[in-house]
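Below is one structure, written out as structure tokens; the observations come after it.
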Amino acid sequence: MFSPSAFANASSIHGPDTVCRGAQNIIYSIDSVQGATAYQWTIPSGIVLNGPDSGNAITVSVSTWAQSGSVCVRPVFGSTQGQEISKMLHMKSASGVYNQQTFLSGGPIIISDNYKASIYPSSIFVNGFSGLIADLNVYINGLSHTFPDDIDILLVSPAGHKITIMSDCGGGNNLSNASLVFDDSATLYLPDANTILSGRYKPVNYISSDFYIAPGPGWVSSPVSVSSTKLSSLSGTNANGEWKLYVTDDSPGNSGSFSSWSLQITAESHSVLLQMNGPHDIVEGDTAIYFVGSQGVDAHYDWTIPQGAVLISLPDSNAVSVFFPKGCTSGPLQVNTYNNCGNGLSSKPVFINVFPDSIQLVVKMFIQSMYVGNERMRSLCMADTGIVDSILISLYSTDLKNQILFSATASLNSEGFVTVRFPRQVYGNSFYLSVRASSFLETWSSVPLEFDVPFHEYDFTISVYHTFGENVCELPDGLFAFWSGDLNQDGSINATDLFLLEQSMINFAGCGPGDMNADGITESADYSMLENNLQFNLNVTRP
């Protein structure tokens, strides 16, 4: 026979141990007990039953004044009551005061075929909103289109932050009067090719680049699909100002409309910000740790990191490791933290400066004696290598023009290009550029180069004004080349160089130091060019 007293050991109450004041539709239950005809429940003060309390499951809501206590249940076997079991419930309150407002646009807005929308951009002006953004949702109301895959929608914040709300979604399935909510906490993304239904979705983009014609921002690149830009990237920023929605149709043949759009903005009215810890300046390839103070055992953390950076530890933590690979861009880093009651705090965004691990410089140059026309030079000693000479490129600061701060050597190819790399310390500074080799007069850039990006180019061939002191010779086709003939590299083309050339002709008539035109033999043609250059009294000209 079944014993009612065995109930205490036969089952336990299922449901959360910790609940948030204000929570709705929480379910508590126990497994069905053999022979039980009913179940008797008792609940703490401030918890309200949403339905009958005689079954083995109840649904409750929690008032804002509910107190911690025990939820209890005992089975009833006809006129006999079984043994009671209980579960202790702990109540949690909001730690912050929230300000939530919804701002509505004008409308309706026509999405013209293969063109911008009739109101472009459509603007919402937010004024007097108290607190920094903790959560942002975007509503598109009454959206219709005969081919929704054509629709591109871009949200631009008052600070100019761009977020692709939806792009290239829904294929060719007719969309009629849909109400869409874009929310980072949604579980779904708009479908790529299936029919779009009204509902709540994460922002999504299925083609990485979209073009928004003027006065739009032009080409906008966004991560594709599930990696789309998050609305939470605006957390911790000021909501006040003009919000712009750019809507375009990117292919011919179809059109649409929507009635309006709106912003739902939530903020903590007291604008509490977490202190972010970690380095601001990063070199490509580095890994850094960022953290905020712990917000409790039930807290969740949502990190936003610069584009291209990689979280290499669990993101739902108050401390993360971030890897900054080559090509990673500078940008803001922030964390939003929430507890199980939905209370949230944000860190103040920290702008991370990502510096390249090295700087690449491509220099274009021609050597007078080796130039053969059509922007090409003869390879060294007539060899079929495409290599003209070994070039030393040096960087001088604007203050220390007599001291080399950085230098690198690389091969000059027959098309006039030489590529070198300098260490990352060059980044963010300005330098004069000096170029020298065994067969021509050392030449300087006309102005300092500012190394503010990882890749630079400098072209000595297109203008006499690209060299300091205009110290280049003009070629027959209107381009410019370095003077040939400083064989001993003493900074001057003079009789000493002519003597060295004569010795080369006597002692070695093949490819050698005096073979200035690289035709494989030291001969009269080399001698004639050098002798001609002597008349110009050529010397290095430097700042």
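The values are calculated or read from the model by the stated rules, or taken from the named source; none is laboratory data. No experiment lies behind these values; they were computed from the predicted model shown. Here the Cβ positions follow ideal geometry from the backbone for every residue, glycine too, while neighbour counts run over all protein chains shown. For the accessible areas, the whole protein counts, side chains as well, though only heavy atoms, and no ligand, DNA or RNA atoms are used. Shrake-Rupley method; radii C 1.70, N 1.55, O 1.52, S 1.80 Å.
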- Message: Can you find a residue that is modelled with pLDDT under 80 and either open to solvent by 60 Å² or more (accessible area, probe 1.4 Å) or among the β-branched types (Val, Ile, Thr) (or both) anywhere in region 517-533?
- Response: no
- Single residue of region 195-212 satisfying the filter (open to solvent by less than 50 Å² (accessible area, probe 1.4 Å) and outside any strand (DSSP E or B)) that is modelled with the lowest pLDDT: Pro203
- Residues of region 286-328 being open to solvent by 60 Å² or more (accessible area, probe 1.4 Å), more than 27 Å from Val19 (Cα to Cα) and hydroxyl-bearing (Ser, Thr, Tyr), in sequence order, are Thr287
- Filter region 37-48 for residues that are at pLDDT below 90 and part of a loop (DSSP other than H, G, I, E, B); the one that is most open to solvent (accessible area, probe 1.4 Å) is Ser45
- Message: Which numbered condition in (1) of a type in the set (S, T, N, Q); (2) loosely packed, with under 14 Cβ neighbours inside 10 Å; (3) not in a strand (DSSP E or B) is the only one that Ser369 fails?
- Response: (2)
- Among all residue pairs at least 6 apart or on different chains, which show Cβ distances below 9 Å where the first residue, located in region 1-26, is surrounded by 12 or more Cβ atoms within 10 Å (Cβ to Cβ) and the second is of a type in the set (Phe, Trp, Tyr) and at pLDDT 80 or above? Phe2/Phe77; Pro4/Phe77; Ile13/Tyr28; His14/Tyr28; Gly15/Tyr28; Pro16/Tyr28
- Task: Please go through region 462-504 and pick out each residue that is among the hydrophobic types (A, V, I, L, M, F, W, C), within 42 Å of the chain's Cα centre (by Cα) and open to solvent by 20 Å² or more (accessible area, probe 1.4 Å).
- Result: Ile462, Val464, Phe468, Leu479, Phe480
- Message: Among the residues that make up region 502-516, is at least one of them in a strand (DSSP E or B) and in contact with a strand residue (DSSP E or B) (Cβ under 7 Å, 6 or more places away or on another chain)?
- Response: no
- Boolean, Asn137 is in a strand (DSSP E or B) and either open to solvent by 10 Å² or more (accessible area, probe 1.4 Å) or within 25 Å of Gly256 (Cα to Cα) (or both): yes
- Task: Within region 256-277, track down each residue that is open to solvent by less than 20 Å² (accessible area, probe 1.4 Å), small (Gly, Ala, Ser) and at pLDDT below 90.
- Result: Ala267
- Identity of the residue in region 213-230, at pLDDT below 85 and over 14 Å from the mean Cα position of the chain (by Cα), that ends up nearest to Asp149 (Cα to Cα): Ser225
- Task: Go through (1) hydroxyl-bearing (Ser, Thr, Tyr); (2) part of a loop (DSSP other than H, G, I, E, B); (3) open to solvent by less than 40 Å² (accessible area, probe 1.4 Å) and name the single condition Ser438 misses.
- Result: (3)
- Item | Verdict on Glu442 being out of contact with any helix residue (DSSP H, G or I) (no Cβ under 8 Å at 6 or more places or on another chain), within 15 Å of Tyr396 (Cα to Cα) and of a type in the set (D, E, K, R) | yes
- What is the number of the single condition among (1) of a type in the set (Gly, Ala, Ser); (2) open to solvent by less than 40 Å² (accessible area, probe 1.4 Å); (3) under 28 Å from Gly478 (Cβ atoms) that Ser397 does not meet? (3)
- Query: Is it the case that Gln403 is closer than 30 Å to Met276 by Cβ and polar (S, T, N, Q)?
  - Reply: no
- Task: Would you mention how many residues in region 346-359 are closer than 30 Å to Cys20 by Cβ and open to solvent by 30 Å² or more (accessible area, probe 1.4 Å)?
- Result: 2
- Message: When you check Thr409 against the structure, is it closer than 30 Å to Asn374 by Cβ, surrounded by 16 or more Cβ atoms within 10 Å (Cβ to Cβ) and of a type in the set (Val, Ile, Thr), yes or no?
- Response: no
- Task: With the condition kept exactly as written, say whether any residue in region 113-133 is under 25 Å from the mean Cα position of the chain (by Cα) and in a strand (DSSP E or B).
- Result: yes
